[in-house]
Structures are given as C-alpha cells and as structure tokens.
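A.B. asks: Quick one: structure below, then a few questions.
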Amino acid sequence: MALKSFFSFLFYLIFSFFQYTAAQSGNELLSSVIAKMNGLQSLKARINIDGTLTGELYYQRPYNIHVKLSDGRIISANKNIIWVYSPSRMIAGRQDLRGGTGGISGLLSGYESVTSSGNRLTLKSNTKAYSEIVVVVSPDHLIRSIRMKRKGSESSKTINLSISATNIGLPSNLFNFHPPSSAQIVENPLNQKE
C-alpha cells in the first residue's frame, strides 16, 4: 500500500513551471501552470519528500521522468510504462500507462475550488483522489513545493524542489529502466484491489 501511494504521488508530480501574477484568479493561474508545463522541454531538480527522503529528479517532455531516491528506489517512466523499483525488497512494479492522461494537466484538472494567494495555488475537491493540493512557487515562476492530501486522509505529503537546470539535453535511455533480472516483477500494481 505504501509503495502504491508513493508511486501515485510521485508519478503525478511531474514538475512544471508556475507563472504567477498577483492579479490572477485561481483558474487563471492554473491555466498558466498547465500552459507553462506544455512548453517545458526538460528539467533537473533535487527533491526532498516530507523532510526525510531526498533524491534527484529528471524530466523530459512528454511524460518522461526518472527519480533516484536516497534509499536506492528508482521511479522511471516514459509515455507507455512506469517502473517503481525497490532494491532493498528486490521488487519492481511495472504499470502500463497507455491511455492515461497523466502529467500536470491530469493532476490539476477537474478541481471544484481553485484559488490563489500570493505565491500559493490551492485546489480542493470532494471527488478527486487528492482532496487538496497546495503549490508554492518562487518569484521566478518555478515550483518550490507541492503538498497533497489524499481523499479521506488527515495527513499529507510534501515535496520540496530545488530546480538546478531547465531545457537541458537528457539521454533517452534514462527513461527506459530495466530492473535487475533477479527482481520480482509486479505487473500493473495500481490496477490491483487494495
């Protein structure tokens, strides 16, 4: 269950730039976020999850992501497949992504309440998997942190970002992960009933 939640959380956290203008309404800012993401080619960032887990994140448009966490876990996705690999457990989850919307648009669309205040965007819903998402952006329009609360939960997860480079060349094989042959493969773990 923890791996499933972590996988869902990180997959939908494909990072983007946020354009902020004080006069913008929540929906206007949200539209700017999605438009900015559509124009983003790639990025490299350090991440910190809940102040305890760190890692390196690489993103390349469209929908390619590779994260190596400080505990050795790897999350790697292209437009067809996402892998979540745990070397300590020697388990690799392989999720088929074909037909999914994904990306920042898939995460942030469909919220009933969208508000902005200063450098903060808040999305709320009674029907989405995440009942609340709060995004904080820097003055230069880059995402600094995102906090997500699952529906029915009182706790939330926070990812802080330190983006070090954007629109850089990244090798395509970075997003074509192959787990070790000794790893146990779990097919489509998000499709399984809890």
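The values are calculated or read from the model by the stated rules, or taken from the named source; none is laboratory data. Just so it is clear, the structure is predicted and the values come from calculations on it, not from any experiment. We place every Cβ from the backbone using ideal geometry, glycine too, and count neighbours over all the protein chains shown. Accessible surface is based on the protein model in full, side chains and every heavy atom, while ligands, DNA and RNA are left aside. Shrake-Rupley method; radii C 1.70, N 1.55, O 1.52, S 1.80 Å.
A.B. asks: Which condition number in (1) of a type in the set (Ser, Thr, Tyr); (2) touching a strand residue (DSSP E or B) at 6+ places or on another chain (Cβ under 9 Å); (3) within 23 Å of LYS149 (Cβ to Cβ) is the one that SER86 fails?
C.D. replies: Answer for SER86: the failing condition is (3).
A.B. asks: Do we find that THR127 is open to solvent by 40 Å² or more (accessible area, probe 1.4 Å) and at pLDDT 90 or above in this structure? Spell out how you get there, then give the answer.
C.D. replies: Numbers: open to solvent by 40 Å² or more (accessible area, probe 1.4 Å): yes; at pLDDT 90 or above: yes.
Yes, satisfied.
A.B. asks: A further question follows. Any idea which of (1) at pLDDT 90 or above; (2) open to solvent by less than 90 Å² (accessible area, probe 1.4 Å) is the one SER181 doesn't satisfy?
C.D. replies: Only one criterion is unmet by SER181, namely (2).
A.B. asks: Between ASN160, ASN167, which is under 15 Å from the mean Cα position of the chain (by Cα), open to solvent by 40 Å² or more (accessible area, probe 1.4 Å) and more than 15 Å from ILE104 (Cβ to Cβ)?
C.D. replies: Details: ASN167 fails: under 15 Å from the mean Cα position of the chain (by Cα).
Selected residue: ASN160, the only one of ASN160, ASN167 that is under 15 Å from the mean Cα position of the chain (by Cα), open to solvent by 40 Å² or more (accessible area, probe 1.4 Å) and more than 15 Å from ILE104 (Cβ to Cβ).
A.B. asks: Does segment 70-90 hold any residues that are open to solvent by less than 30 Å² (accessible area, probe 1.4 Å) and either among the small types (Gly, Ala, Ser) or over 19 Å from ASN176 (Cβ atoms) (or both), and which are they?
C.D. replies: Once the filter is applied, which keeps residues that are open to solvent by less than 30 Å² (accessible area, probe 1.4 Å) and either among the small types (Gly, Ala, Ser) or over 19 Å from ASN176 (Cβ atoms) (or both), segment 70-90 yields GLY72, SER76, ALA77, SER86.
A.B. asks: Would you check which residues across segment 130-154 are of a type outside the set (S, T, N, Q), over 20 Å from GLY106 (Cβ atoms) and at pLDDT below 90 and list them?
C.D. replies: VAL136, PRO139, ASP140, HIS141, LEU142, ARG144
A.B. asks: Which one of the conditions (1) farther than 21 Å from SER31 by Cα; (2) in contact (Cβ under 8 Å) with a residue 24 or more places away in the chain does LYS79 fail to meet, given that it meets all the rest?
C.D. replies: For LYS79, the failing item is (2).
A.B. asks: Which of the residues spanning segment 60-93 are within 17 Å of the chain's Cα centre (by Cα) and charged (D, E, K, R)?
C.D. replies: ARG61, LYS68, ARG73, LYS79
A.B. asks: A further question follows. With the structure loaded, tell me whether LYS149 is in contact (Cβ under 8 Å) with a residue 40 or more places away in the chain, open to solvent by 40 Å² or more (accessible area, probe 1.4 Å) and under 15 Å from ASP50 (Cα atoms) or whether it fails that test.
C.D. replies: When the stated conditions are applied, LYS149 does not pass them.
A.B. asks: Give me the pairs, please: first residue somewhere in segment 165-193 and on the phi > 0 side of the Ramachandran plot, second residue anywhere and assigned to a loop (DSSP other than H, G, I, E, B), beta-carbon distance under 9 Å, and either six or more positions apart or on two chains.
C.D. replies: Once the first residue is on the phi > 0 side of the Ramachandran plot and sits in segment 165-193, its partners that are assigned to a loop (DSSP other than H, G, I, E, B) give ASN167/LEU40; ASN167/GLN41.
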